[in-house]
Amino acid sequence: MPGNPLAITLCGIPLRNPVLAASGTFGYGIEFAKIVDLNILGGIVTKGLSREPIPGNPAPRLWHTEGGMINSVGLQNIGVSAFIREKLPKLYKYSVPVFANVFGYAVEDYLEVIRALEDAEGVAGYELNVSCPNTKHGGIFFSSDPDLLADLVSQARSIARRPLIVKLSPNVARIDPFAQAAEQSGADAISLVNTFVSLAIDPLTRKPRIGAGYGGLSGPAIKPLALRLVAQAAHAVKIPVIGLGGIASGEDAAEFLIAGASAVQVGTATFIDPRAPAQIARQLQGVLSELALPDIGALAGHMKSPCRAQ
């Protein structure tokens, strides 16, 4: 894309800009086509897709917190077959790259979703949501055991012809072993962070404010934590890192890029305004102009005075 200072290539895929709409907050993408021009987005990461439709968790599913939001939607989705049949043909009419978020509760669940998508047109790549309990291993989360993570990624890699992104959880003691396990098992990139496990309580009823009890905290409140984890992951691996967590402005996006991310995703901000990813991309171009930088490559990974290990 000559002349576009925001243009990047991610896992071999040309993007107009490094700002993607994150999974879970932008539906399947097509729902927002009348509100925002999908063609100006860097990319769309779909709502998580499973083998069969999932109804999700009991209400209430969302709770507004200071500086963010707790959610426990429960990965509600129409299932991969319905997505291919009903959503993908409509998305295919747009030129925006579409990354399918994939999840499951056993390795075979992930593989079945990928197999189905491999036969479909219009998917640029996959993002594995590994923040799920492995029901075949006593409910241990894929995202909390490097060996389980490595096994999942290597098996997914063996059948996926398209780029494979692994979305890591922040709910671990150290991010490095998980980033490296994903890289060594064949991931083309990693994205982080997923939400932080959290709790809100109604003091009048003494019950959790979320129907499922615990939920995932996202939004501006988690940005400093997410930024630290992205910087650490980028230092630990050579594959691209996609940063997310509380990004609500072009300056926020710039911070993640400076910390080592190659691209970013915007999630919770789209609940306030679905046009947020496009607006943040425009603001990011303003940051480049203010700094008198020729393109996004002059910004990404250029953090001065690198942080010491903690």
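The numbers here are math on the coordinates, done by the rules we state, and not lab data. Just so you know, these numbers come straight off a predicted model, no measurement behind them. In this analysis, Cβ positions are derived from the backbone assuming ideal geometry, glycine residues included, and neighbour counts consider all displayed protein chains.
At a glance:
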| read-out | value |
| --- | --- |
| Rounded to 5, percent antiparallel among DSSP beta bridges of the chain | 45 |
| Across Lys34/Lys87; Lys223/Lys304; Lys47/Lys90; Lys47/Lys167; Lys93/Lys223, pairs whose alpha-carbon gap is larger than 24 Å | Lys93/Lys223 |
| Projected label distance in nm at Ala212 and Asn4, using a 7 Å step from Cα toward the beta-carbon | 3.5 |
| Percent of beta bridges antiparallel (DSSP, the range 143-226, rounded to nearest 5) | 60 |
| Theoretical FRET efficiency, 1/(1+(r/R0)^6), r = Cβ-Cβ of Ile140 and Ala292, R0 45 Å, to 0.05 | 0.35 |
| Beta bridges by DSSP in the range 177-280, antiparallel share as percent, to the nearest 5 | 50 |
| Estimated inter-spin distance, Lys93 and Glu118, nm [label 7 Å along Cα→Cβ] | 3.0 |
| Protection proxy ranking of 143-152, 163-172 - average other beta-carbon atoms within 10 Å, highest first | 163-172, 143-152 |
| Length gained when the stretch Leu199-Ile35 is fully extended (0.36 nm per residue, less Cα-Cα span) | 55.8 nm |
